[in-house]
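**Q** Have a look at the structure that comes next, please.
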Amino acid sequence: MRVRFALALLAATAIAPMAAQTQYAPADAAAGAAAGGAVAGPVGAAAGAIVGGTVGAASDVATGILTPPPPPVVTYVEREDIPSVAVEHEVVVGRPLPRTVVLHKIPKYHYEYAVVNHRRVIVEPGTRRVVKIIER
C-alpha cells in the first residue's frame, strides 16, 4: 500500500506542472479518476484525474478538436461593433485566420475575435484558429 501511495504521489507531482498548462477536460479527468481509483484507491483516483485530463487535453490539441468558447465570450463578441475585414479564403472553424486580420482581445478570457467577410469569428490567440463563427 505504501508503494502504491508513493508511486501515485510521485506521478501526481511529476504531472502537476503539465496539468496546470492544459485546459480542464471533465470527461477525460473522470475516466482517469475511475481507472486510477480501480488500481490504487483514492490517491490513484486523484492521480488518474490529473493524468486523464492532461492526456485528454493533449489529444484534443493533436487531433484538432477545438473547445467551444463559453457563452459570455459569444455574448461579448455579438455586442461589439467593429468593421468587417475582407479575406479571399473561406473562413472555416479549425482553420487559422490570415496574419493580415487584426484580432481583438476579449477581456477576462483567453480568446480573441474579428469580423471577417461580415461574419463574427472567435479565435485562439496563439494559433489564430477559428473556434466559432457567429451567424446572425
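Each value in this text was obtained by applying a stated rule to the coordinates, not by laboratory testing. Computed from a prediction, not measured in an experiment: that's the story for all the values here. Quick reminder, even Gly has a Cβ in these numbers, built from the backbone with ideal geometry, and neighbours come from all protein chains shown.
**Q** Read through the list (1) over 16 Å from the mean Cα position of the chain (by Cα); (2) exposed (fewer than 12 other Cβ atoms within 10 Å of the Cβ); (3) among the small types (Gly, Ala, Ser), then give the number of the only condition that Gly126 fails.
**A** That leaves (1) as the condition not met.
**Q** Collect the residues in region 65-123 that are over 21 Å from the mean Cα position of the chain (by Cα), without any contact (Cβ under 8 Å) to a residue 12 or more places away in the chain and within 18 Å of Glu135 (Cα to Cα), keeping them in residue-number order.
**A** Of everything in region 65-123, those that are over 21 Å from the mean Cα position of the chain (by Cα), without any contact (Cβ under 8 Å) to a residue 12 or more places away in the chain and within 18 Å of Glu135 (Cα to Cα) turn out to be Arg79, Asp81, His89, Glu90.
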